[in-house]
1. Report the Cys residues of the protein assembly as shown lacking a disulfide-compatible partner, meaning no second Cys Cβ under 4.7 Å from their Cβ.
2. Using only protein heavy atoms and a 1.4 angstrom probe, determine the accessible area buried between B and A, summed over both sides, in Å² to the nearest 100.
3. How many Å² of accessible surface get buried when A and C come together, counting both sides, probe radius 1.4 Å, rounded to the nearest 100?
4. Taking only Cα atoms, what is the 0 to 90° angle, nearest 10, from helix C:42-62's long axis to the longest principal axis of chain C?
5. So how strong a dipole does the range C:86-159 carry about its Cα centre when Lys and Arg Cβ are +1 and Asp and Glu Cβ are -1, to the nearest 20 debye?
6. Taking the Cα atoms of chain C, what is the range of coordinates along each of the three principal axes, in descending order and whole Å?
7. Enter the mean projected area of the convex hull around the alpha-carbon atoms of the protein assembly as shown, in nm², rounded to one decimal.
8. Computed over the Cα atoms, what is the radius of gyration of chain B divided by 2.2 N^0.38 Å, N being its residue count?
Amino acid sequence: MLQKVYDWVDERLDITPLWRDIADHEVPEHVNPAHHFSAFVYCFGGLTFFVVVIQILSGMFLTMYYVPDIIHAYESVYYLQNEVTHGLIVRGMHHWGASLVIVMMFLHTLRVFFTGSYKKPRELNWVVGVLLFFVILGLGFTGYLLPWDMKAYFATVVGLEIAESAPVIGGFARTLLAGGEIIGAQTLARFFAIHVFFLPGALLGLLGAHFFMIRKQGISGPL
Amino acid sequence: MSEKKHRVSRRQFLTYTLTGVGGFMAAGMLSPMVRMALDPALEATGDSEFVAVGLGEDELTEEPQIVNFELEIEDAWYTSEQPRSAWIYKDGDEIIALSPICTHLGCTVNWDANEDYPEQFFCPCHFGRFERDGTNVAGTPPTRPLDVYDVEVRDGMIYLGQINQRS
Amino acid sequence: MHRGKGMKFVGDSRVPAERKPNIPKDYSEYPGKTEAFWPNFLLREWMVGAVFLIGFLVLTVAHPAPLERIADPTDSGYIPLPDWYFLFLYQLLKYEFAAGQYTVVGAVLMPGVAFGALLLVPWLDSGKERRPLKRPIASGLMMLGVASIIFLTWESVDEHDWEAAAQQGEIVDDVEVDETAEGYEIYQSQESCIGCHGGDMLGGAAGPNIFESDYDKDAVMDIIINGADGMPADQFEGSDEELETLAEFIANDGQDPNGDDE
């Protein structure tokens, strides 16, 4: 049955080569922890991606309840955390996932650095990886404001003051991020848009490039 | 040959295990999220409270009269007052409060409003009609009687509760 | 790709009608020993992922995500703290060489140089050698960077008053102070009380919310007369009777003790 459905689609779209490109390739043996236990360091990248997937999914579900408005944002978070079944768990996943993504990404960066995997011909992939690092830090910064509680608000105040201290463009950057002179309704709407649309868009694009390059070049050889 | 067919190759075995582990991960990740998304559908709807409509029991007559009142609707993190109305009258000792929402397409019905159909609830949208007790007149668009409110009398004042459908 | 005349397609599409045999590619010439990505490698990877997921779910269930009270921009007494992964940057701005007139150094220059260098690593360290011990400068600089981030984060965590932080953000039940009570009037006449606990009695510049702790009347009087930790003694400037009324009012959670509770 399944085979028939597959054949039907395959006849029309010729998907077998696609499948081959995505899944049917080889991986060097030295990155498999089953062969050398020390190879677990090669898992950090995959785990980072796994947490990113958790973040995207839990974030999508959270927006079912969340409203980006200074009057109702806090109440909606409070509601989904305390009144909605499993809301506490899903928000917890998003909250702790945010920290874990940073941890795993940090470890992944160190692994790539200390195995010298960024060297020719993989320079570009390293640059994309560092850009991903920035995007994820940006996601952390913008996401922190969204619950609109005390912690969120004042951390953003400090963060934007740091941005303001930059020479020449400081004031401009701060106003642009805050969406106005004060940190309030417009800031929250802006941070929400950045957190939910702009940065994830950039994240997906960069991740695509990251994976494409890995697939094209293969994993770097053993030391 | 036939024996070979029944044996699971190493590759197949790994693929099965792989889908198993993948399924476990997907389930572990998604089940709390899906449960959260489904929450409104699975949550038991509680009976709504009785609200005073500002009308005394002795003010009621056999003739249906409209009362307007406000109902506090708690919608998750947003609470609002919503206007409601009811046609109330006395049927012997019993107090009957009918919802004025036509069961056809949700227009508002009026008592005794059309000269051709006295002593009936009349819906101006598609000429649906209901008897005094709310029963739909056969041959008009509505297919079920008007909904009724739960009624309670406290200290001589009328209180209306939740709206019940009649088949 | 197969080219030439005589190719057949599905309908008028560009999909070739002839199925090519689905033979796995030959990887035997690739450098190093290899194994299949699907299913061999992915299975190991996902097993690690599954264990990771279990740990992660246990963490989320054991430690619910914190939520403080709703943002109140007027609360100037709040000590802010960024999320932990920005702490190193936050801490950096406390040091003299990176603060005050040198804020630019701490906020822009140092992080800018560090992250810029990170971005350009492949060109800064362009040698062929990959083993970390054989390129001591690159490895050393990275170690230094990691060590300083860990050190700064540690210092920041160490300096932060976590108890005060937990308290200042707590969700407090709304206390509706009865503003018609006699005790409230007495409170309003005491400059020194208002100075610390605020005009609404719910906490201010130096003092906490008055109704936060549960004391009875005598304990409240004792605190007002003799002070408590951080609170000076003998600040009340009124008659003993007034003091008593105020204490009763406070002990009664901001409601007039003589009034009816609706």
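1. So far as the 4.7 Å Cβ criterion goes, A:Cys43, C:Cys193, C:Cys196 stand without a partner in the protein assembly as shown.
2. When B and A are taken together, about 1700 Å² of accessible area is lost.
3. 7300
4. Once rounded, the angle reads 0 degrees.
5. Dipole size: approximately 540 debye.
6. So the three principal-axis extents are 108, 54, 36 Å.
7. 49.5
8. The reported ratio for this selection is 1.80.
The values are calculated or read from the model by the stated rules, or taken from the named source; none is laboratory data. Nothing here was measured: the structure is a model prediction, and the numbers come from that model. Every residue, glycine among them, receives a Cβ derived from its backbone with ideal geometry; neighbour counts consider all protein chains shown. Heavy atoms of the whole protein, side chains included, go into the accessibility calculation; ligands, DNA and RNA do not. Shrake-Rupley method; radii C 1.70, N 1.55, O 1.52, S 1.80 Å.
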